[in-house]
Amino acid sequence: MQGKANTHTLAQLFFSMLYISAFTFGGGFVIITFMKRKFVDGLHWIDDQEMLDLAALAQSSPGAIAVNAAILVGWRVGGFLGMVVSVIGTILPPLTILSVISFFYAAFATNPYVALVLKGMQSGVAAVILDVVCNLGMGVVKTKSAVHMVVMAVAFCATFFFGVNVVYIILAAGVLGVILALTQHKKGEAA
Amino acid sequence: MIYLQLFWSFLQIGLFSIGGGYAAMPLIQAQVVHSHAWLNMSEFTDLITIAEMTPGPIAVNSATFVGIRIAGIPGALIATFGCILPSLFIVSLLTFIYYRYKKLSVLQSVLASLRPAVVALIASAGISILLQVALGGQELTMANLNLIGLALFAVAFVLLRKFKWNPILVMCLCGAGNLLLGLLL
């Protein structure tokens, strides 16, 4: 949060974000790696440890990881203006690409060949998502925390079988997290 | 009115998706398919497919796609703004706190409890997409079952899990495979 950005720095920030956002496939974690390469290794604007903390913050905050990381890096490099420039650079590529696609989608999806390809790709998407779920689920099981496994099972049943609103499930888990954090904190004090 | 609805829906998606792109998916499904019927399940599945194939966060991609289809370019801009607005406030605040105190431990422990719930939500969304592939929204009978789709899913899953293939490559192969089989059979 230094806010001492000149036009040159802002322009560099904007075009770096634009470039990273336009060419990064594969979600928030990938984009953070690219940002590290650019801002830590390339431009030396941010140090290694700080970038790790920023990554943790970007992942723990609500919203898209890429946008969150852009906000953090933007503030750090150029204050408020840096943040604005950085966010615009990040959302411009997906905004443009998806706009173009949605205009053609109607014509696109009624074409029988395209429909066949899309339909086949849906199988692939289902596999990609469930592969990610296996990785993440394994991570939860490895923590060997009974509470976390119960949370996972209950949350799944609530949303899949009972159609409970997703927002309530997240709020409930968040509240549980706060309670756990507070009780652990107390235990820590007693010990 | 429609702009307000789009803004409000995507604001909720931005506010409650914690843990990256896949975490936004169940929320987008809830808002866009179930609450407002802006897309049917088949269009939603196409949207996720397109979002996977293109750069950018799933939430921003979805906001643009749904916004344009419902209310043109202004709709896309408003939906996108809605989905990044919570981040703008919350992350800016966190940045401030971080540079003041450099402490993240409470946040980390809250995150630890959220993670299993988010995994469960992603699993549920993934399975509903698989059901969409298998049945296309029809009821469960042998005749309705899309066997080619299920076979492609099984092959893709093995390629990803066992052989760690690139997801985009696997998706493209599934698309090509289905086109080829569709033309041959």
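When you look at A:V77, is it touching a residue at least 40 places away in the same chain (Cβ under 8 Å), over 29 Å from B:I28 (Cβ atoms) and not charged (D, E, K, R), yes or no? The answer is yes for A:V77.
Only residues that are among the hydrophobic types (A, V, I, L, M, F, W, C), over 21 Å from B:E43 (Cα atoms) and modelled with pLDDT of 90 or more: list them for region B:131-169, please. Those that are among the hydrophobic types (A, V, I, L, M, F, W, C), over 21 Å from B:E43 (Cα atoms) and modelled with pLDDT of 90 or more: B:A151, B:A154, B:V155, B:A156, B:F157, B:V158, B:L159, B:L160, B:F163.
Filtered by the rule that a residue be more than 11 Å from B:G19 (Cβ to Cβ) and either free of Cβ contacts under 8 Å to residues at least 40 places away in the same chain or in contact with a strand residue (DSSP E or B) (Cβ under 6 Å, 6 or more places away or on another chain) (or both), region A:52-67 gives A:L52, A:D53, A:L54, A:A55, A:A56, A:L57, A:V67. For region A:112-131, residues that are at the interface with chain B (Cβ under 7 Å from one of its Cβ atoms) and out of contact with any Gly (no Cβ under 8 Å at 6 or more places or on another chain) total 5. Taking region B:116-159 as the range and being closer than 30 Å to A:V175 by Cα and surrounded by 22 or more Cβ atoms within 10 Å (Cβ to Cβ) as the test, the residues that pass are B:P116, B:A117, B:V118, B:V119, B:A120, B:L121, B:I122, B:A123, B:S124, B:A125, B:G126, B:I129.
Facing chain A (nearest Cβ under 7 Å), over 20 Å from A:A64 (Cβ atoms) and either crowded, with 21+ Cβ neighbours inside 10 Å or in contact with a Ser or Thr (Cβ under 7 Å, 6 or more places away or on another chain) (or both): which single residue out of B:G175, B:G182 fits that description?
After ruling out the rest, the residue left standing is B:G175.
Contact map, region B:100-122: first residue more than 7 Å from every other protein chain (Cβ to nearest Cβ), second residue modelled with pLDDT of 80 or more and crowded, with 16+ Cβ neighbours inside 10 Å, Cβ cut-off under 6 Å, separation 6 or more or different chains; pairs are B:V118/B:A23. With respect to the conditions (1) aliphatic (A, V, I, L, M); (2) more than 13 Å from the chain's Cα centre (by Cα); (3) in a helix (DSSP H, G or I), B:A37 lacks only one, and its number is (3).
In this structure, A:V114 does not satisfy being among the β-branched types (V, I, T), farther than 30 Å from B:L173 by Cα and surrounded by fewer than 21 Cβ atoms within 10 Å (Cβ to Cβ). For region A:57-79, the condition of being among the hydrophobic types (A, V, I, L, M, F, W, C), surrounded by fewer than 24 Cβ atoms within 10 Å (Cβ to Cβ) and more than 9 Å from chain B (Cβ to nearest Cβ) holds for none of the residues. Of the residues screened, A:I101 is one that is in contact with a Phe, Trp or Tyr (Cβ under 9 Å, 6 or more places away or on another chain), at the interface with chain B (Cβ under 8 Å from one of its Cβ atoms), of a type outside the set (F, W, Y) and surrounded by fewer than 21 Cβ atoms within 10 Å (Cβ to Cβ). When we screen B:S87, B:S35, B:S42, B:S17 for residues that are at pLDDT 90 or above, more than 24 Å from A:G79 (Cα to Cα) and of a type in the set (G, A, S), the only hit is B:S35.
The helices (runs of 4 or more DSSP H) falling completely within region A:26-143 that include 3 or more residues that are under 16 Å from the mean Cα position of the chain (by Cα), of a type in the set (A, V, I, L, M) and closer than 23 Å to B:I78 by Cβ map to A:65-110.
Determine whether region A:118-136 contains at least one residue that is farther than 29 Å from B:W165 by Cβ and surrounded by 20 or more Cβ atoms within 10 Å (Cβ to Cβ).
No, there is no match, as no residue in region A:118-136 is farther than 29 Å from B:W165 by Cβ and surrounded by 20 or more Cβ atoms within 10 Å (Cβ to Cβ).
A:F156 passes every criterion in (1) surrounded by fewer than 17 Cβ atoms within 10 Å (Cβ to Cβ); (2) within 24 Å of A:P62 (Cβ to Cβ); (3) among the aromatic types (F, W, Y); (4) within 7 Å of another protein chain (Cβ to nearest Cβ) apart from (1).
The values are calculated or read from the model by the stated rules, or taken from the named source; none is laboratory data. This is a predicted model, so every value here is computed, not measured. Don't worry about glycine lacking a Cβ; one is built from the backbone with ideal geometry, like all the others, and counts go over all protein chains shown.
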